[in-house]
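Encoded as structure tokens, the structure appears first; notes follow it.
Just so it is clear, none of the values below were taken in a lab; they were calculated from the coordinates. Since we're looking at a predicted model, the values are computed, not measured. Don't worry about glycine lacking a Cβ; one is built from the backbone with ideal geometry, like all the others, and counts go over all protein chains shown.
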Amino acid sequence: MLDHKLLEQFTKVAAQAAYSSSLLKGKGDKIAADQAAVDSMRSYLNKIDMNGKIVIGEGEMDEAPMLFIGEKLGTGNGEPLDIAVDPLDGTTLTAKNLPDAISVIAVAEKGNLLQAPDTYMEKIAIGPDYPENIIDLDNSIETNLNNMAEFKSIKPSDLTVCLLERDRHKKIVESITKMSAKIKFISDGDVLGAIYTCIKDFNVDLYVGIGGAPEGVLAAAAIKCFGGQFQGRLSITDNEEKLRATKLGITDLKKKYYLNDIVRGDVIFCAGGVTDGELLKGIRIEKNNFLADLLVLHSDKKIIKVYTEKFEI
């Protein structure tokens, strides 16, 4: 089990990264906004007593100064930890000052997070309280929706599906529409899209579609804390992506990953709002302080919190 004291430290990491990138919101430079979040996250992670290793980051070592896969962080004096980061999930959202940009980090004990390459991933997710495997990546969208509707004793048309608004999802959208189910489109940031299935206020029953594999691991970490279900499968499109996967020790490129294949053991998940969104408000500055809205989760301690915290600038 992870030391509960780490929760406060990783919460600060997410908040500080959110603050740094928020200073560039609406300025049209997504690269600068991302870099600000990266620099902040690296700085604060290196202050934590741990032997941390990035297993989900933004590319390989030669793509530094991004937080790269394999990068070692921390003072070196603490326990060995796997770290998954997306310093700014929603770079374009931040650059355009659009809703739902967040800074995200997930942490588990060494060897307990899937090392997913920076490729696409097929994903499907639901919230808690469903029978195990009621949904499946290998099912049609119709079968998944019918299974969920039957369990809830409602019609498929009463269900809401969240997915990224992308051309690649045209067939899924057509199937959902034929069943008269509702659709909640998101433009970016599919970590939050998957999390919506676990929070009743959002009335999202199913998340589905193809998005980033790193974001899939982060979403799975959050969903584990909520007690939901998640499945993913890498979507490899060329030899370069295949090489990235094999470098990380992945031999079965068509493997269907269940939640416990992606996140094993205890996990901490922290997200800080950068721009105003449905779940988290963006950073607000008050004199020498800033206010950060935070989603903080710890699976073994069954902690699920959304709250606002004040930090000194």
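Below are the figures for this structure:
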{"item": "Built amide H within the under 5 Å cut-off of Tyr120, gap 5+", "result": "Ala213, Ser235"}
{"item": "Coordinate range along principal axes, alpha carbons of region 210-291, Å, largest first", "result": "52, 30, 20"}
{"item": "Computed Kirkwood radius, in angstrom, where 1/r is averaged over Cα pairs of region 116-201", "result": "13.7 Å"}
{"item": "Region 159-199: relative contact order as a whole-number percent, Cα under 8 Å and 6+ apart", "result": "52 percent"}
{"item": "Using θ = phi - 60° and Karplus 6.51 cos²θ - 1.76 cosθ + 1.60, couplings along region 50-57 (whole Hz; Gly, Pro as x)", "result": "6, 9, x, 9, 6, 10, 10, x"}
{"item": "Cα-based shape type of region 19-123, given that a ≥ b ≥ c are square roots of the gyration tensor eigenvalues and the cut on a/c is 1.5", "result": "prolate"}
{"item": "Angle between the chain longest axis and helix 141-152 axis [Cα atoms, degrees, rounded to 10]", "result": "90 degrees"}
{"item": "Neighbour-limited loop hits for GluC sites (Glu not before Pro), region 1-72 (at most 12 other Cβ within 10 Å; DSSP other than H, G, I, E, B)", "result": "none"}
{"item": "Rg/Rg_globular for region 120-262, with Rg_globular taken as 2.2 N^0.38 Å and Rg from C-alpha atoms", "result": "1.01"}
{"item": "For a label point 7 Å along the Cα-to-beta-carbon line of Thr246, residues of region 101-122 with backbone N under 18 Å", "result": "116-120"}
{"item": "Given 10 as the ceiling on other Cβ atoms within 10 Å, longest exposed-site-free region of the chain for trypsin sites (Lys or Arg not before Pro) in DSSP loops", "result": "1-253"}
{"item": "Farthest toward positive dipole pole in the chain [+1 Lys/Arg, -1 Asp/Glu at C-beta], among Met41, Gly227, Ile262", "result": "Gly227"}
{"item": "Net charge of neighbours whose Cβ lies under 12 Å from the Cβ of Lys224, counting Lys and Arg as +1 and Asp and Glu as -1", "result": "-1"}
{"item": "The chain - Rg and Dmax from Cα coordinates, angstrom", "result": "18.6, 57"}
{"item": "Residue-wise HN-Hα coupling along region 19-24, computed from phi with Karplus coefficients 6.51, -1.76, 1.60 (Hz; x: Gly, Pro)", "result": "4, 4, 6, 5, 5, 10"}
